[in-house]
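Okay, structure first, notes after.
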Amino acid sequence: MAMDGTGQTWFLALSLIPVFAAGLLEDLGVGVSPKHRLLAAALSSVLAIILFGAWVARTDLVGLDFLVAFAPVGIALTVFGGAGICNAFNLIDGLNGLSATIGITVAVALGLIASRGGQPDLATWGYVIASALTGFLLLNFPWGKIFMGDAGAYGIGHLLVWVAILMLDALPDLTPWALLLVFFWPLADTVLAIVRRRRSGKPTDQPDRLHFHQLVMRAIEIGKLGRGARHIANPLATVVMMPFFMAPPFVAVILWDNAVAAAIAFFCFVVLFATSYSTGVLLARAWRKNSGRKFIYGLMRQKVHSLIPYLPEYKG
C-alpha cells in the first residue's frame, strides 16, 4: 500500500478514537473494565482495517500463511494482535519513563526500518511519535510530574501497532519476525502475565505486582537502597532495564528483511527473557527466606540476651 503523506494521517487519528476514549474515561474515574477497554482497542483496529484496507496477510510461517491468506482469518488475527499490543503497552506502564522509553525505542525502530525499505511517509510517522513521546518523557522522568494514563498507553500502543501493520503491507521484504522483535518487550511481559495468572488460578485481567519491571524495582529498593527509597528505585529501574528492552528492536532494524535470522533472534530473546525472570524470582524467594531466618534468629538472640541476667549460672 503506497502512503501519500498527510492524506492517511486522519485515518490513523479516526481509528484511535474508541480506544483513546475508553482509556480516558477510565482515567477520569468512570470505571471502564479491562474487558471493555480491550473491546474498544479491538474496535479501533476494525476501524483502521476499514479505513486503510490493510491487515496482516502474512506471517512467514508456512502453515499459518496458508490460513491468513484467507481474508477473514487475517482480519481476525489483525484485530486480536492490535488489541493485544494496546493492552501490552498499558501493562508495562508501571515505572516512570518505562512505557514512554519503550515507545520511543519501538517508534524509532519502525522509522528506521521504513526508511531502509523506501517508505519515508511511514518513517515520518515513527519519528513523529518518537518526538512526541520524548516531549512527554521530559516531564514524566525521573520524578513523574505527569503520567501517561490508560488513554496515553492504549493510544500509543494503537498508533505504533498500526504503523507496523501498514509497513508490513507496504514492504514486501519486511519479515513479520522483525516486527515481533520490535514489540518484543510489551509482548513478552503480557504473555508472561497471562501465563503467571492462569497458573496461580487468577483471572488474566486481575492486576498483580509480579511484572518484570516491578521485580527489578523492588530488588533495587530493598536489596540496595533500602525501604523508603521508592522514589529513587522507580526511575532507576527504568535505566537498569534499558539494555534489555532496547536490544530486540535494535536487532530488528538489522535483520528487518531476513526471516530466518530474525526468527532465531526472537527465540533467543524469548529464552533470555524467561531465564532472567525465573532466575530473578528464585533469587527473590531465596533472599526473602534468608532474610526471614535472619530476622527470627535476631529476635531469638535478643530474647536470650535479655534473659541471661536472670539465669542461675549468671548469678553464680
In debye to the nearest 20, how big a dipole does the chain give about its Cα centre with +1 on each Lys and Arg Cβ and -1 on each Asp and Glu Cβ?
-> 2240 debye
Rounded to the nearest 500, what is the 222 nm mean residue ellipticity of the chain from helices alone, with -39500 (n - 2.57) per DSSP H run of 4+ residues and division by all residues?
-> -25500 deg cm²/dmol
Peptides 152-158, 272-278: what's the order by average Cβ count within 10 Å, highest mean first?
-> 152-158, 272-278
Charge dipole (debye, nearest 20) of segment 138-210; +1 at Cβ of Lys and Arg, -1 at Cβ of Asp and Glu | 500 debye
If we sort 63-74, 132-143 on the protection proxy, mean other Cβ atoms within 10 Å, highest first, what's the order?
-> 132-143, 63-74
Cβ-based net charge around G23, under 9 Å, with every Lys or Arg adding one and every Asp or Glu removing one | -2
Taking Cα pairs closer than 8 Å and at least 6 residues apart, the relative contact order of the chain in percent is 20 percent
Trypsin sites (Lys or Arg not before Pro) restricted to segment 103-199 and DSSP loop, no more than 12 other C-beta within 10 Å = K145
Nearest 10 degrees, 0 to 90: helix 230-254 Cα axis against the chain principal axis | 40 degrees
Expected sort for 76-84, 227-235 on mean C-beta neighbours within 10 Å, highest first, is 76-84, 227-235
Given charges at beta-carbon only (K, R positive; D, E negative), |dipole| of segment 1-102 in Debye = 160 debye
Once you sort the root eigenvalues of the Cα gyration tensor of the chain as a ≥ b ≥ c, which label holds: rounded (a/c under 1.5), prolate (a/b larger than b/c) or oblate (the other case)?
-> prolate
Pairs of lysine in segment 5-299 with Cα under 27 Å and at least 8 positions apart or on different chains: total?
-> 5
In nm, what is the difference between 0.36 nm times the number of residues separating A229 and D60 and their Cα-Cα distance?
-> 56.2 nm
Charge-dipole axis of segment 5-299 as Lys and Arg at +1 and Asp and Glu at -1 on Cβ define it, positive-most pick from H36, I194, S115 = I194
Helix 34-52 vs. the chain, principal-axis angle (Cα, 0 to 90°, nearest 10) | 20 degrees
Label-to-label distance, nm, for residues given as S33 and C268 (7 Å Cα→Cβ offset) = 4.4 nm
Cβ-based charge dipole, the chain, positive-most Cα from F250, L133, L95 | L95
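All of the numbers you see were taken from the coordinates with simple rules; none came from a lab. What you see is a predicted model; the values in this text were computed from it and never measured. Ideal geometry is used to build each Cβ from the backbone, glycine not excepted, and the neighbour counts take in all protein chains shown.
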